[in-house]
Amino acid sequence: MNNNQYDKYKDYIGKSLFVLSLFVLALMIFLIIQKPFLHIDEWFTRGLLNISFKEMVSVTAGDVHPPLYYAIALVPVYLLEWLHIPYDMIFVMKMVSVAAYVLLFAVSITKIREDYGWLAGGLFALTLLIMSNFFTMFSIARMYPWGMFFLVMAFLFAIETLKDPKLKNWILLAFFSVCGAYTHYFVAVSLILIYVLLLVHYLLKDKTQIKNWFISTVLGIICYAPWLIVLYRQMKTVKGSYWIEGITIEKFLEFFATTFVTENQDLIINVIFAAVFLVIFIFVVLSYKKSQEDSDFVLFGFLVFIATILFGVIVSAAYKPILVVRYLAPATGLLWLCISIFVSKFDFKKVIIPVMVLILLFGAVNLYGQVDEISKNHDYLVKNQQFLEKINNNDSVVIIDGMVKYIHFHDQLNKSKVYGDFSVDERKEAKGYTKFYDDEKYKFLMPDDFKKYKNKTVYMAKRPGSTWKLPSYVSMSKVGHIENCNFYKLTYKG
């Protein structure tokens with residue numbers, strides 16, 4: 001069989017993978033409609049979509065993420081309200097994330113397919129749904145899908161600067177890089193690494209492009225400068241207190257293993273797939289040394305992924321733990337682009353067929369596990385909603401410990417009297433009382449008018465790590481738990 005026939009078979013497989021991707025995408029949308037769920041941080045997203053844009057930016061600045069994703073998610077909400085079209089908030093939130101995959105699918109079937117062939121495009125489109133935690137990532141209302149889109153686009157235009165270093169490609173690289181940096185900080189890390197690798201390349205091979213590299217870099221820094229002060233404040237917050245656990249050997253291996261399988265705590269599985277990653281990386285390096293077509297671009301992407309992990313591990317060890325598996329989702333998406341390009345260049349029978357079988361096999365297992373997890377999360381959401389509906393009435397008073405928890409629940413407790421220990425622009429009315437705990441002494445302080453609520457049911461919503469001494473005239477009993485927040489009933493004994 002000649003090469004032309006093999007190329008045709010590759011095209012047939014690539015087209016089939018695109019069709020299969022559409023079926024999996026349809027399954028995702030079906031589950032979003034039939035089994036809606038809210039992941040831990042999605043409660044925060046839901047809360048932010050119920051406040052104004054100005055408040056959203058202010059609240060985000062007080063959190064640990066940049067604001068672009070939330071701004072993107074607010075667009076359809078504002079549009080639907082302007083058109084007076086009724087909508088389900090959870091469905092809209094989820095579809096914003098699905099939209100990021102649809103854009104990546106469009107890029108796969110156009111630019112990636114044109115540059116690297118049907119097989120590379122189709123394989124990338126499918127692996128973004130069935131490998132790693134991607135199906136879940138594109139099903140949750142968080143910034144990871146959009147971070148992945150911006151990172152992939154920035155990478156593609158970084159490659160374009162190597163092929164055709166005209167100013168348009170450098171400007172587009174800067175544009176998608178700024179968008180990515182405003183979406184998630186680990187996307188920003190990957191983007192900085194792309195720029196560093198580009199600089200190394202041009203210093204070694206083409207010094208004439210250093211001027212364009214400098215212009216693109218300065219343009220990106222200028223556009224990001226307004227957020228740097230906020231970033232500094234957020235870093236100080238993280239240094240003081242943060243929820244992420246330290247990096248262990250098991251966790252380090254998991255960062256690489258979840259390239260292929262869903263997030264898993266089984267050490268043996270993580271060792272096996274981390275070893276698989278190492279073997280593939282060795283093949284990439286050997287292919288680069290042999291100057292195989294496109295192997296330099298593939299190595300480029302692998303190095304970005306590895307360096308992103310190493311950056312997170314080093315900072316976690318030297319400063320404060322900052323890295324969890326889901327933060328690597330965008331870089332893992334970039335890695336699968338490179339793997340897809342790499343696989344498409346090999347022999348049809350010896351490599352492509354076995355690899356397709358393995359990917360479809362592992363992908364089916366991943367997909368089954370994630371669909372099952374979504375079903376469980378849906379049941380958990382129903383249970384949580386029932387609890388909130390039970391306490392959300394005119395006879396309830398809810399004291400919420402901190403801004404994040406307030407944003408989580410304020411909309412779903414709209415019938416209750418809600419207290420929070422902070423103020424956010426238009427919501428200053430939430431702070432009409434004495435602060436209810438002392439930061440320095442960690443002593444609980446009741447609102448001034450607590451006694452007048454003796455005939456109402458008073459609840460406290462707080463994170464499990466918050467421990468302060470209650471006054472003698474107040475008792476507390478746990479009545480509920482939603483994600484990482486405990487609900488307590490307070491009883492006045494005076």
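Of all the listed residues (Arg142, Arg113), the sole one being open to solvent by less than 20 Å² (accessible area, probe 1.4 Å) and charged (D, E, K, R) is Arg142. Can you find a residue in region 52-67 that is at pLDDT 90 or above and either assigned to a helix (DSSP H, G or I) or open to solvent by 10 Å² or more (accessible area, probe 1.4 Å) (or both)? Scanning region 52-67, I find at least one residue that is at pLDDT 90 or above and either assigned to a helix (DSSP H, G or I) or open to solvent by 10 Å² or more (accessible area, probe 1.4 Å) (or both), so the answer is yes. Residues in region 249-282 that are at pLDDT 90 or above and outside any helix (DSSP H, G or I) were compared, and the one that is surrounded by the fewest Cβ atoms within 10 Å (Cβ to Cβ) is Thr259. Tally time: how many residues in region 119-137 are surrounded by fewer than 24 Cβ atoms within 10 Å (Cβ to Cβ) and in contact with a Lys or Arg (Cβ under 6 Å, 6 or more places away or on another chain)? The qualifying residues number 0. Can you confirm whether Phe300 is modelled with pLDDT of 90 or more and buried (at least 20 other Cβ atoms within 10 Å of the Cβ)? Here the answer is yes, as Phe300 does meet what is asked.
Of all residues in region 85-110, those that are at pLDDT 95 or above, surrounded by fewer than 17 Cβ atoms within 10 Å (Cβ to Cβ) and not hydrophobic (A, V, I, L, M, F, W, C) total 1. Restricting region 318-340 to residues that are at pLDDT below 90 and aliphatic (A, V, I, L, M) leaves a set whose member that is surrounded by the most Cβ atoms within 10 Å (Cβ to Cβ) is Ile322. Considering region 159-176, the residues that are open to solvent by less than 10 Å² (accessible area, probe 1.4 Å) and touching a Phe, Trp or Tyr at 6+ places or on another chain (Cβ under 8 Å) include one that is nearest to Asp11 (Cα to Cα), namely Ile159. For region 341-356, the set of residues classified as open to solvent by less than 90 Å² (accessible area, probe 1.4 Å) and in a helix (DSSP H, G or I) consists of Ile341, Phe342, Val343, Ser344, Phe348, Val351, Ile352, Ile353, Pro354, Val355, Met356, listed by residue number. One residue stands out among those in region 383-419 that are in contact (Cβ under 8 Å) with a residue 40 or more places away in the chain and aromatic (Phe, Trp, Tyr): the one that is farthest from Met460 (Cα to Cα), which is Phe387. Against the conditions (1) part of a helix (DSSP H, G or I); (2) more than 24 Å from Ile280 (Cα to Cα); (3) open to solvent by 30 Å² or more (accessible area, probe 1.4 Å), Gly180 satisfies every one except (3). Residues that are open to solvent by 50 Å² or more (accessible area, probe 1.4 Å) and under 16 Å from Ala154 (Cβ atoms) were ranked within region 219-232; the one that is farthest from the chain's Cα centre (by Cα) is Leu219. Only residues that are among the small types (Gly, Ala, Ser) and farther than 22 Å from Thr183 by Cα were counted across region 313-346, and they come to 4. Considering region 405-425, and only residues there that are modelled with pLDDT under 75 and touching a helix residue (DSSP H, G or I) at 6+ places or on another chain (Cβ under 6 Å), the residue that is surrounded by the most Cβ atoms within 10 Å (Cβ to Cβ) turns out to be Gly420. Please indicate, with yes or no, whether at least one residue in region 312-330 is within 20 Å of the chain's Cα centre (by Cα), free of Cβ contacts under 8 Å to residues at least 40 places away in the same chain and part of a helix (DSSP H, G or I). Checked region 312-330: at least one residue is within 20 Å of the chain's Cα centre (by Cα), free of Cβ contacts under 8 Å to residues at least 40 places away in the same chain and part of a helix (DSSP H, G or I). Just to be sure, is Phe387 modelled with pLDDT of 85 or more and either surrounded by 13 or more Cβ atoms within 10 Å (Cβ to Cβ) or assigned to a strand (DSSP E or B) (or both)? Yes; evaluated as a whole, the condition is true for this residue. When restricted to residues that are closer than 30 Å to Ser375 by Cβ, of a type in the set (S, T, N, Q) and part of a helix (DSSP H, G or I), region 97-139 contains 4.
In this structure, Ile40 does not qualify as open to solvent by 70 Å² or more (accessible area, probe 1.4 Å) and either more than 17 Å from Ala99 (Cβ to Cβ) or out of contact with any Gly (no Cβ under 6 Å at 6 or more places or on another chain) (or both). Restricting attention to region 89-111, does a residue exist that is of a type in the set (D, E, K, R), within 30 Å of Phe342 (Cα to Cα) and touching a Leu at 6+ places or on another chain (Cβ under 8 Å)? Yes, some residue in region 89-111 is of a type in the set (D, E, K, R), within 30 Å of Phe342 (Cα to Cα) and touching a Leu at 6+ places or on another chain (Cβ under 8 Å). Does region 370-382 contain any residue that is open to solvent by 80 Å² or more (accessible area, probe 1.4 Å), free of Cβ contacts under 8 Å to residues at least 12 places away in the same chain and farther than 30 Å from Gln234 by Cα? Yes, some residue in region 370-382 is open to solvent by 80 Å² or more (accessible area, probe 1.4 Å), free of Cβ contacts under 8 Å to residues at least 12 places away in the same chain and farther than 30 Å from Gln234 by Cα.
The values are calculated or read from the model by the stated rules, or taken from the named source; none is laboratory data. Values in this document were obtained by computation on a predicted structure and should not be read as measured data. Cβ: placed from backbone, ideal geometry, glycine included. Neighbour counts: every protein chain shown. The area values use the complete protein model at the heavy-atom level, side chains included, leaving out ligands, DNA and RNA. Shrake-Rupley method; radii C 1.70, N 1.55, O 1.52, S 1.80 Å.
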